[in-house]
Amino acid sequence: MSATRPIHPDFLEFLHLKDRALVELFVDARRFLLDLYPGANELLYRTHALTAVFSVSERLGDAYCMLPIYTKHFNLGFSKGTRLDDPHKLLTGTGNLIRHIDISATADYRNGKVEDLVRAAIAFAKSDMDKPSKALGLTLSRIAVKK
């Protein structure tokens with residue numbers, strides 16, 4: 001369970017198709033999140049976006065944040081962002097639960113305000129989960145890859 005956890009090969013296959021600067025930013029943001037909670041389970045998806053979801057269990061319902069990568073941008077999403085205290089008004093979005101922070105530079109997330117928000121999201125996810133998980137520090141690919 002290290003912040004230097006390798007990126008899963010299924011995810012890498014599609015990550016290499018993205019703009020290099022976007023990939024470098026994603027890799028740093030992922031490291032930032034894993035440094036804050038090395039025990040996070042990382043759930044990987046490829047839908048309308050290539051997404052790494054960070055959860056306190058192996059269940060998507062226990063996720064606290066995500067890094068969806070689109071064609072030209074990505075953001076730091078909070079699965080239950082509407083239920084978090086956001087005193088600095090960092091979160092944007094109009095959905096029932098999910099809120100996000102647009103990311104275009106490391107300064108957008110490598111700061112104390114975002115760190116506090118991520119820690120609050122982790123604490124909320126832990127308190128909101130139905131049952132404790134023994135699975136920690138796993139990377140689980142939900143990406144269909146043609147072999």
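Coordinate-derived values only; no laboratory data. Not measured: the values here are computed from a predicted model. With ideal geometry, Cβ positions are generated from the backbone for all residues, glycine too; neighbour counts draw on all protein chains shown.
Count Lys and Arg as plus one, Asp and Glu as minus one, and take only other residues whose Cβ is under 10 Å from that of Y64; the net charge is then +1.
Beyond 22 Å, the tail of the calculated P(r) for the chain holds 34 percent of the Cα pairs.
Its alpha carbons give the stretch 75-118 an Rg and a Dmax of 9.8, 27 Å.
Between N96 and T139, the distance separating the two model label sites (each 7 Å from Cα on the Cα→Cβ line) works out to 3.3 nm. Look at where the Cα atoms of the stretch 1-57 and of the stretch 84-147 average out, and the two centres are 12 Å apart.
Taking the average, over residues, of other Cβ atoms within 10 Å as the packing measure, peptides 51-61, 102-112 rank 51-61, 102-112 from highest down. Residues in the stretch 27-42 carry Karplus couplings, in order, of 4, 5, 5, 4, 4, 4, 5, 5, 5, 6, 8, x, x, 4, 8, 10 Hz; the curve used is 6.51 cos²θ - 1.76 cosθ + 1.60 with θ = phi - 60°, and Gly or Pro positions show x. Among the listed pairs K80/K134; K72/K146; K89/K134; K18/K131, a Cα-Cα separation exceeding 30 Å is found for K89/K134; K18/K131.
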